[in-house]
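The values are calculated or read from the model by the stated rules, or taken from the named source; none is laboratory data. Quick caveat, the model's predicted, so the values are computed rather than measured. FYI the Cβ positions are ideal-geometry reconstructions off the backbone, even for glycines, and counts take in every protein chain you see. Surface accessibility is based on the protein's heavy atoms, side chains included, excluding ligands, DNA and RNA. Shrake-Rupley method; radii C 1.70, N 1.55, O 1.52, S 1.80 Å.
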Amino acid sequence: MNAADIPLWAALPAAALLVCGGLLTVVGSLGLLRLNAFYARIHAPTMGSTLGAGCVLIASMLLSSAMAGRPVIHELLITLFILITSPVTAMLLMRAAMYRAPD
Amino acid sequence: MKRRPLIPVLPVFLLAMWLLLNDSASPGHIVLGIVFALLITAAVARLRPLPAWPRRLHVAVGLIAHVLVDIVRSNLAVGRIILGASRRQPTIGFVKIPLDMRDPHGLAMLAVIITGTPGTVWAGHDAENNVLTLHVLDLKDEAAWVRTVKQRYERPLMDIFE
Amino acid sequence: MNQILPWAVHFALACFALAMLFAMIRLLRGPTAQDRVLAFDTLYINGMLAILMLGIGAGSAVYFDIALLIALFGFVGSTALAKFLLRGEVIEP
């Protein structure tokens, strides 16, 4: 089944979520370039890994459920994994930055 | 004295993970999942002798709703800061927050919640004085951050874990 | 009307590609080691999301497993790098 013949009730919210997720992620990554201190930059990618990834994964769940004709929720696993793991890396990096370049 | 919860949390969670991963609920997968869940629980019990017994799960529902709302709100705030960064760079800063919570699981959850919300990162915890150091992207009002963390996150976590 | 979904998938894919490019620039420019690790962390999450977009576009479930594996290995890699910056060692005796 192709992406073009998905019923409209799933296609419209999924398209909106995908556009939102894409914009949030690109703004988050843009922050890596536009902010001028590491301590400010560490906050930017969190946008992409929380709400950006969340939007995309909800859209993915919606679409694969519509395609399979039954609830397919295994994308929940990735969402949960990203939500639990990305703070761990951020915290370790924060500690590393404070240890390496104390201000 | 803490009392045991009615359902064993970790094996049930692992079983749910296994069924999600295989995307099926056939009897064979359920049996295999139960076996794996019990084996992993037994193996992990030696690594981590301090079990977490979360209670009052209705408080957790409210906390999760609060956190989701805060994630959406601070995403928009951080996005606005990044897009306006050519005019004005944000004022970064550290905030020290004295905590009342001592439970390690509660503190771990607090760390994940704070760091998972854009705009704030957990930057350290002094175990002796129980003081949390928080790094904030756009620091305007220190007292507001102390109030937010203590009332919005710490109180429900203390209800759940202590 | 039903062309809206392919359009949204392509738009999101372009967004993730752009985001990966930004992360790549920060990865190459530095200036400090923790900047590079942060850029790597962003890069793998964006790459995983782009793979999911390809999966939606192709209508195949195989991409889900790839995305899960990228998330797993990316987390292990960036955590090991951050731990190395913090302590000078990944696995402590």
Given (1) under 17 Å from the mean Cα position of the chain (by Cα); (2) more than 7 Å from every other protein chain (Cβ to nearest Cβ); (3) open to solvent by less than 30 Å² (accessible area, probe 1.4 Å), number of the condition A:ALA10 does not satisfy = (1)
Unique match (being surrounded by fewer than 19 Cβ atoms within 10 Å (Cβ to Cβ), assigned by TED's automatic domain parsing to the domain that holds B:ALA65 and either at pLDDT 80 or above or in a helix (DSSP H, G or I) (or both)) among B:LYS140, B:LYS150 = B:LYS150
Hits in the stretch C:52-66 - residues which are within 7 Å of chain A (Cβ to nearest Cβ) and crowded, with 22+ Cβ neighbours inside 10 Å | C:LEU52, C:ILE56
Given (1) part of a strand (DSSP E or B); (2) under 16 Å from the mean Cα position of the chain (by Cα); (3) within 11 Å of chain A (Cβ to nearest Cβ), index of the condition B:PHE94 fails | (2)
Of the residues in the stretch B:91-113, those that are more than 18 Å from A:MET98 (Cα to Cα), open to solvent by less than 40 Å² (accessible area, probe 1.4 Å) and not β-branched (Val, Ile, Thr) come to B:LEU99, B:MET101, B:ASP103, B:HIS105, B:GLY106, B:LEU107, B:LEU110
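Yes/no matrix, rows are residues, columns are (1) buried (at least 24 other Cβ atoms within 10 Å of the Cβ); (2) in contact with a helix residue (DSSP H, G or I) (Cβ under 7 Å, 6 or more places away or on another chain); (3) under 27 Å from B:LEU76 (Cβ atoms); (4) not polar (S, T, N, Q):
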{"position": "A:GLY54", "(1), (2), (3), (4)": "no, yes, yes, yes"}
{"position": "A:LEU63", "(1), (2), (3), (4)": "yes, yes, yes, yes"}
{"position": "A:HIS74", "(1), (2), (3), (4)": "no, yes, no, yes"}
{"position": "A:LEU83", "(1), (2), (3), (4)": "no, yes, yes, yes"}
Among the candidates B:ARG56, B:ARG46, B:ARG73, which residue alone is charged (D, E, K, R), within 18 Å of the chain's Cα centre (by Cα) and either modelled with pLDDT under 85 or more than 30 Å from B:VAL149 (Cβ to Cβ) (or both)?
-> B:ARG56
Within the stretch A:24-43, count every residue that is more than 15 Å from C:LEU21 (Cα to Cα) and either in a loop (DSSP other than H, G, I, E, B) or open to solvent by less than 10 Å² (accessible area, probe 1.4 Å) (or both).
-> 6
Taking the options B:PRO118, B:PRO90, B:PRO98, name whichever one is within 24 Å of A:TYR39 (Cβ to Cβ) and in contact with a Leu (Cβ under 6 Å, 6 or more places away or on another chain).
-> B:PRO90
Pairs, please: C-beta under 6 Å, at least 6 apart or cross-chain, first residue farther than 10 Å from B:TYR153 by Cβ and in the stretch B:100-114, second surrounded by fewer than 20 Cβ atoms within 10 Å (Cβ to Cβ)?
-> B:ASP103/B:GLU162; B:HIS105/B:ALA52
What are the residues in the stretch B:1-27 that are among the charged types (D, E, K, R) and at pLDDT 75 or above, if any?
-> B:ASP23
Sole exception among (1) open to solvent by 20 Å² or more (accessible area, probe 1.4 Å); (2) closer than 28 Å to A:THR25 by Cα; (3) within 11 Å of chain A (Cβ to nearest Cβ); (4) modelled with pLDDT under 85 for B:ARG80, by number | (4)
Checked pairs for the stretch B:62-79, first without any contact (Cβ under 8 Å) to a residue 40 or more places away in the chain, second among the aliphatic types (A, V, I, L, M) and open to solvent by 20 Å² or more (accessible area, probe 1.4 Å), C-beta under 8 Å and 6 or more apart or across chains, list as B:VAL72/A:LEU51; B:GLY79/A:LEU24; B:GLY79/A:VAL27
For C:LEU49, the lone unmet condition from (1) touching a Gly at 6+ places or on another chain (Cβ under 9 Å); (2) farther than 25 Å from A:ILE6 by Cβ; (3) surrounded by 22 or more Cβ atoms within 10 Å (Cβ to Cβ) is (2)
From the list A:GLY48, A:GLY54, A:GLY31, which one is within 7 Å of another protein chain (Cβ to nearest Cβ), within 16 Å of the chain's Cα centre (by Cα) and either within 14 Å of C:ALA12 (Cα to Cα) or in contact (Cβ under 8 Å) with a residue 60 or more places away in the chain (or both)?
-> A:GLY48
